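This report refers to the structure that appears directly beneath it.
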Amino acid sequence: MYKEFYGLSEDPFQISPDPRFLYLSDQHREAYAHLTYALNKSKGFTIITGDAGTGKTTLILMMLARLDGHTRTAHLYNPKLTTRDFLKYICHDLGLTTEGLTTKGELLKLLHKFLLECYARKERVVLIIDEAQTLSPVLLEEVRLLTNLETPTSKLLQVILMGQPELEEVLSEPRFRQLRQRISVRYHLDPLNRHQTGEYIEHRLKVAGSKGERIFEPEAVRLIWKFSGGIPRVVNTLCDGALMIGHSASRKVIDGQIAKETIRDMGYLRPKTGTFFRRPAFLYAVSGIVLAGALGLGLLMVWQRVQGVPPATAVEKAVEPEKTLAVKKNMALSSLARQHYGLANPTVMDFLLEHNPHITDMNRIPADEPIEVPPLTEEQFLGTDPDGKHYIYLGTFDDEQSIQTLRNHPLLQGKTLKTTLRNVSSDSPWYRLTAGGFQSKKDALQVLRSLKQQGVLPAFAPSS
């Protein structure tokens with residue numbers, strides 16, 4: 001529709017994983033280096049994780065396009081299969097005939113024979129599984145058992161698991177201890193920062209035939225990056241929508257106004273990453289102020305007592321809007337957190353990281369990027385699950401003991417507690433804990449405030 005108007009030969013922002021359009025950011029180059037290292041060194045298990053739309057599948061397709069003739073691959077896109085269908089799919093993708101084979105044992109025997117033949121020909125065989133976080137426990141164990149097919153000196157089958165961050169959570173379960181021990185290479189693919197988002201957009205335009213004229217103004221790029229969280233797939237959809245709006249308005253340049261209009265039209269695209277923290281920080285405070293103005297502060301406090309909800313703290317009553325500021329060169333995230341919140345624990349730093357996905361090193365914040373510093377309000381720590389029930393974000397911790405303490409808390413008995421691994425520290429993993437299953441927001445808020453009063457929530461811990 002808009003290709004001729006902008007001087008393009010093809011659609012620049014199609015969402016299909018075309019390796020020609022792959023923009024190799026620093027993190028994509030590093031992920032690709034991990035993949036090629038794993039292949040060249042014949043590592044048994046490789047794990048690549050990243051949010052949906054960060055480019056994992058495109059990386060795999062680029063790797064496959066560059067393989068030599070001595071590598072055989074089976075690529076599974078939808079791993080929701082039975083064990084027998086799983087083995088049958090692998091055999092078919094490797095070019096094996098399974099006609100007449102009806103049992104798991106027969107399929108394994110056929111696969112083992114093929115792997116030995118490949119080993120004798122000095123060919124490597126690689127099984128690639130996309131969306132690996134959806135593997136059932138039974139199938140995940142089957143994948144582990146496949147790596148038992150080996151010679152005394154070498155693995156006959158290499159496995160690459162590509163999945164969303166939930167894959168790390170699945171693998172952290174005790175029952176997968178043996179599988180974790182076999183993981184030789186792992187890498188988490190982070191979203192693009194603001195500068196990379198601009199380069200990504202320009203790269204795709206150039207591949208699509210752009211002669212170098214600036215189409216997206218810096219302010220439009222900033223807004224697209226901020227809304228998308230740096231997720232390439234969301235960037236693609238937003239840019240495509242912006243070009244359509246620009247074309248209909250006969251605007252050769254996409255400015256901030258068009259970007260805002262596109263974001264308003266496509267608000268449903270907001271990435272799930274940052275669900276806990278990407279709500280407007282001041283809405284809860286504004287609601288309280290309006291109600292207090294209408295009924296009087298005293299009446300509000302009476303109402304809260306009737307509802308069984310403890311009154312908000314003095315800090316909550318003085319909530320400030322979200323700040324955007326510049327920081328000094330080489331400033332650490334902990335220093336920023338301590339300066340603005342009075343404490344610097346993993347929860348508070350994770351809170352800042354969610355608002356600032358361009359920060360990739362906690363110990364060195366980029367001085368040329370704006371930093372968002374939102375207030376710590378109760379609203380930020382409440383959310384709604386797809387089933388309509390409500391949850392509380394309890395905090396992020398650097399040790400499992402703290403998680404266990406909250407898991408055993410009387411106020412959380414009978415609730416659904418979920419732990420998510422956070423790859424934000426090079427020293428050790430962080431653990432994000434949520435409690436779900438609340439029937440109403442009021443119930444969740446009541447428990448949240450009770451936990452705050454007891455001092456067990458790190459985001460609301462006293463300053464030290």
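The values are calculated or read from the model by the stated rules, or taken from the named source; none is laboratory data. This one's a predicted model, so the numbers in the text were calculated from it and none came from an experiment. Cβ placement follows ideal geometry from the backbone for every residue including glycine, while neighbour counts extend to all protein chains displayed. Accessible surface areas use protein heavy atoms only, side chains included; no ligands, DNA or RNA. Shrake-Rupley method; radii C 1.70, N 1.55, O 1.52, S 1.80 Å.
Could you list, in their original order, any pairs among Lys104/Lys155; Lys260/Lys452; Lys260/Lys389 whose Cα atoms are separated by more than 29 Å?
Violating the 29 Å Cα-Cα cut-off are Lys260/Lys452; Lys260/Lys389.
Could you give the nm distance between label points at Thr384 and Glu30, where each point is 7 Å from its Cα heading toward the beta carbon?
3.7 nm
Quick one: which residues, 5 or more positions from Phe216 or on another chain, have an amide H under 5 Å from its amide H? H modelled 1.01 Å from N in the peptide plane, none for Pro or chain starts.
Long-range HN contacts for Phe216: Ile254.
Under 13 Å from the Cβ of Thr97, count the other residues' Cβ atoms, weight Lys and Arg +1, Asp and Glu -1, and hand me the total.
Taking every Cβ under 13 Å from that of Thr97, the sum is -1.
Ranking request for peptides 109-115, 63-69, 120-126: highest mean number of other beta-carbon atoms within 10 Å first, then the rest in descending order.
Descending packing order for the listed peptides: 109-115, 120-126, 63-69.
Using θ = phi - 60° and the Karplus form 6.51 cos²θ - 1.76 cosθ + 1.60, what ³J(HN,Hα) does each residue of the range 102-109 get, whole Hz, x for Gly and Pro?
Values, residue by residue: 10, 10, 4, x, 5, 5, 5, 4 Hz.
Quick check: residue separation of Glu217 and Arg66 times 0.36 nm, minus the Cα distance between them. What number comes out in nm?
50.9 nm
How much length, in nm to one decimal, is gained on full extension between Leu96 and Asn148, taken as 0.36 nm per residue of separation minus their Cα-Cα distance?
16.7 nm
So if R0 is 56 Å, what FRET efficiency would Thr103 and Gln404 give, r being the distance between their Cβ atoms, rounded to the nearest 0.05?
It comes out at approximately 0.80.
Which pairs in the list Lys3/Lys211; Lys88/Lys122; Lys3/Lys252; Lys43/Lys122 are over 19 Å apart, alpha-carbon to alpha-carbon?
From the list (Lys3/Lys211; Lys88/Lys122; Lys3/Lys252; Lys43/Lys122), the Cα-Cα distance tops 19 Å for Lys88/Lys122.
Through the Karplus equation 6.51 cos²θ - 1.76 cosθ + 1.60, θ set to phi - 60°, convert the phi angles of the range 85-95 into ³J(HN,Hα) values in whole Hz; use x for Gly and Pro.
5, 4, 5, 5, 4, 4, 4, 4, 5, 8, x
Between Thr134 and Met244, with labels modelled 7 Å along Cα→Cβ, what's the label distance in nm to one decimal, could you check?
2.5 nm
Beta carbons within 10 angstrom, averaged per residue: use that to sort the peptides 87-94, 392-399, highest first.
392-399, 87-94
Could you work out how far the C-alpha centroid of the range 190-243 sits from that of the range 48-120, in angstrom?
After rounding, the separation between the Cα centres reads 35 Å.
How much length, in nm to one decimal, is gained on full extension between Glu10 and Glu166, taken as 0.36 nm per residue of separation minus their Cα-Cα distance?
52.6 nm
Identify all aspartates and glutamates with a Cα-Cα distance to Lys41 below 19 Å; exclude those on the same chain that are fewer than 8 residues away in sequence.
The reachable aspartates and glutamates, counting only those whose Cα sits under 19 Å from Lys41, are Glu30, Asp68, Glu123, Glu150.
Give me the dipole magnitude in Debye, nearest 20, for the range 372-426 about the Cα centre, with unit charges on the beta carbon: positive for Lys and Arg, negative for Asp and Glu.
240 debye
Measure off 7 Å from each Cα along the Cα-to-Cβ vector at Thr420 and Arg180, then give the distance between these two points in nanometres to one decimal.
1.9 nm
Under a 1.4 Å probe, what is the accessible area of the range 50-189 per residue, stated in Å²?
47 Å²
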